[in-house]
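A.B. asks: Sharing a structure, written as structure tokens. Questions coming.
The values are calculated or read from the model by the stated rules, or taken from the named source; none is laboratory data. Bear in mind that the values here come from a model prediction, so they are computed numbers and not experimental data. So basically every Cβ, Gly included, is an ideal-geometry build from the backbone, and we count neighbours across all protein chains shown.
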């Protein structure tokens, strides 16, 4: 078989193990997917710590006394619509529309920042009423788990700003497109972690 | 600009072949993901506060809704598929889920077992700050803490 056969024919006839290297897009996505899974395993350790320690309030305030479900619902909405805006941004990138990409990035950033502001306000109110991370094992585990997620969101926001800057300075290079795809995966994976957080920490509090 | 476009065309990875993106077809998946997530999120918050569901069944319902929403995110936002390019992704995901389950449930079972073995320091007993994490293995009269 000649090496320069048309790609459409080869994809049908040659088994996947003999097709040679995958496209760059697939390889980048897979590599970053492995990173995300290892990151989720880090979160799983914090989830395990929270699950074990959530009853250890040491006579201090319990989760049911501290958490406000309305705030958490708004936070969840922020992250969810931020994820949707990020998907819109990915679509704009596929279509190579810079203005739409910037609009999507702006919406993603504003909603992510709104989430962070709400979360930090919640943390501040808890610390102000004496329910800081040093109060009980439950609160240590809570601040470690939710704080780790918040830290990831902050890093994601910084990454997003840097990606918009790269689109303006470097243009639609394959390198930049790959990084944008990785950012999009990162942002959606954070949403998956947040689903676990609001289910186990906030809704599971009794 | 010409040089960039040339490089992009040569690399051949800007778009997958046979896939011509446009707004309408690209919008379907994110919109479905958004709608599914909104419904499942509201259902979760409703289930956590409703008196209509039998109390002990609420955590199970919440877990089912959370797993469903994670599935929606994986399929519609992270584009995990069972297609030929997705095989490795699915395998890695399965391994990740396995490790996460091992870490979380393993920790819970082991810690519950340790807790049951600690006679003086049960979950509902008064706080015992000095001996936290140390099972009472020492002989009577031995110092229990620094």
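A.B. asks: Looking at region B:60-91, which of the residues that are more than 9 Å from chain A (Cβ to nearest Cβ) and assigned to a loop (DSSP other than H, G, I, E, B) is surrounded by the most Cβ atoms within 10 Å (Cβ to Cβ)?
C.D. replies: This residue is B:81.
A.B. asks: Looking at residue A:54, is it facing another protein chain (nearest Cβ under 10 Å) and either modelled with pLDDT of 95 or more or under 30 Å from residue B:36 (Cβ atoms) (or both)?
C.D. replies: Here the answer is no, as residue A:54 does not meet what is asked.
A.B. asks: Sticking with this structure for a sec: Have a look at A:103, A:49, A:113 and point out the one that is more than 9 Å from chain B (Cβ to nearest Cβ), in contact (Cβ under 8 Å) with a residue 40 or more places away in the chain, within 24 Å of the chain's Cα centre (by Cα) and outside any loop (DSSP other than H, G, I, E, B).
C.D. replies: When all the criteria are applied, what remains is A:113.
A.B. asks: I've got another one for you. Identify the residue in region B:98-127 that is surrounded by 15 or more Cβ atoms within 10 Å (Cβ to Cβ) and more than 9 Å from every other protein chain (Cβ to nearest Cβ) and, among all such residues, is modelled with the lowest pLDDT.
C.D. replies: B:121
A.B. asks: Looking only at region A:62-85, which residues are under 16 Å from residue A:108 (Cβ atoms) and at the interface with chain B (Cβ under 8 Å from one of its Cβ atoms)?
C.D. replies: Result: A:76, A:77, A:80, A:81, A:83, A:84.
A.B. asks: Here's something else I'd like to know. Quick one: residue A:41 ticks every box in (1) touching a residue at least 40 places away in the same chain (Cβ under 8 Å); (2) more than 23 Å from residue A:176 (Cβ to Cβ); (3) within 8 Å of chain B (Cβ to nearest Cβ) bar one, so which box is it?
C.D. replies: Result: residue A:41 passes all but (1).
A.B. asks: Report the residue count in region A:16-38 for those that are modelled with pLDDT of 90 or more and either surrounded by fewer than 16 Cβ atoms within 10 Å (Cβ to Cβ) or within 7 Å of chain B (Cβ to nearest Cβ) (or both).
C.D. replies: Looking only at that region, the number is 7.
A.B. asks: In region A:169-181, how many residues are surrounded by fewer than 19 Cβ atoms within 10 Å (Cβ to Cβ) and in contact with a helix residue (DSSP H, G or I) (Cβ under 8 Å, 6 or more places away or on another chain)?
C.D. replies: The number of residues fulfilling the criteria is 8.
A.B. asks: Now for a separate question. Is it true that residue B:30 is modelled with pLDDT under 85 and within 7 Å of chain A (Cβ to nearest Cβ)?
C.D. replies: No: the conditions fail for residue B:30.
A.B. asks: Answer yes or no: is there a residue in region A:131-138 that is assigned to a helix (DSSP H, G or I), over 19 Å from residue A:182 (Cβ atoms) and without any contact (Cβ under 8 Å) to a residue 24 or more places away in the chain.
C.D. replies: no
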